[in-house]
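Undergrad: Sharing a structure here in structure tokens format.
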Amino acid sequence: MRVVNTATHDGSALASSTKTLSEWTFTTSGSRDDWSFQFQPMIQTVYDIETDAAGMAGVGRKKGEAVPLSLELGHVAGAVGSGAMTEATLEVRVSGTDWKPVPLELLSADDSGPGEAPGGIFAEGRAWVSGYEASLPVPDAGAWLDLRVTATDAAGNTFSQEIERAVQVAPVNHGAVKGGPTPLT
């Protein structure tokens, strides 16, 4: 099965995430005449990037310094036909430029299995989760960054997501000393 979701907005109410394109491919064991519910093996992602109160990332960074990003990929607990994450990629671009690959460092990989399905229709946990860290290269002038993630699990399920204007990164603070306080200006 293939599911594609495109979400767009004009940026007038919220400047970020003006377009998100997500695509999943997976095998389902359900059928038309089966009215029971089951969680499908659609890979999910969680992005974690530190921002200030205004939503700006990289505040106080020095010239040439990258911005750290944490990423988790996994399934809803109890997803039928899911498997451990076997591959993940991350790409970044300054809005309107070419995509550049960003190395992912694997921090943890859950290989304990799909987990127990919750008793109701709402997921209570995740399974087969792999955690990664990355350093996003950013121009010293700051910029809006677009992100693109792909993932595959051991059962052959795939995921891709492209987020335009995913995060805004502040320009470097030329007076900042790495590890020290940010001087007042």
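Undergrad: Taking the alpha carbon gyration tensor of the chain, what are the square roots of 5 times its eigenvalues, largest first, to the nearest whole Å?
TA: 35, 18, 15
Undergrad: Could you compute how much accessible surface L107 exposes when probed at 1.4 Å, giving the result in Å² to the nearest 10?
TA: Accessible area of L107: about 90 Å².
Undergrad: Taking N as the number of residues in the stretch 89-159, what is its Cα Rg relative to 2.2 N^0.38 Å?
TA: 1.47
Undergrad: Next question, about the same structure. Within 10 Å of each candidate Cβ there may be at most 11 other Cβ atoms; applying that plus a DSSP loop requirement, which trypsin sites (Lys or Arg not before Pro) in the stretch 58-134 survive?
TA: For trypsin sites (Lys or Arg not before Pro) across the stretch 58-134 that sit outside H, G, I, E and B with at most 11 neighbouring Cβ atoms in 10 Å, the list reads K63.
Undergrad: If you don't mind, there's one more thing I want to ask. Can you give me the relative contact order of the chain as a percent, contacts being Cα pairs under 8 Å and 6 or more apart?
TA: Relative contact order of the chain: 28 percent.
Undergrad: So what are the radius of gyration and Dmax for the Cα set of the stretch 29-120, in Å?
TA: Expressed in Å, the Cα Rg and Dmax of the stretch 29-120 come to 18.4, 60.
Undergrad: Loop only per DSSP, at most 14 neighbouring Cβ atoms within 10 Å: give me the chymotrypsin sites (Phe, Trp or Tyr not before Pro) in the stretch 65-157, ordered by residue number.
TA: For chymotrypsin sites (Phe, Trp or Tyr not before Pro) across the stretch 65-157 that sit outside H, G, I, E and B with at most 14 neighbouring Cβ atoms in 10 Å, the list reads W99, F122.
Undergrad: So which GluC sites (Glu not before Pro) in the stretch 1-87 pass both tests, a DSSP loop state and at most 15 other Cβ atoms within 10 Å of the Cβ?
TA: When the GluC sites (Glu not before Pro) of the stretch 1-87 are filtered for loop state and at most 15 Cβ neighbours within 10 Å, E50 remain.
Undergrad: A further question follows. Give me the percent of Cα-Cα pairs in the stretch 132-172 that sit more than 14 Å apart, rounded to a whole number.
TA: In whole percent, the share of Cα-Cα pairs in the stretch 132-172 beyond 14 Å is 59.
Undergrad: While we're on this one: Gap in Å between the Cα centre of the stretch 75-122 and the Cα centre of the stretch 8-63?
TA: Using only Cα atoms to place each centre, the spacing works out to 11 Å.
The values are calculated or read from the model by the stated rules, or taken from the named source; none is laboratory data. Since the structure is predicted, the reported quantities are computational estimates derived from the model, not experimental observations. Neighbour counts run over all protein chains shown; Cβ positions are idealised from the backbone, glycine included. Note: areas computed on protein heavy atoms with side chains; ligands, DNA, RNA excluded. Shrake-Rupley method; radii C 1.70, N 1.55, O 1.52, S 1.80 Å.
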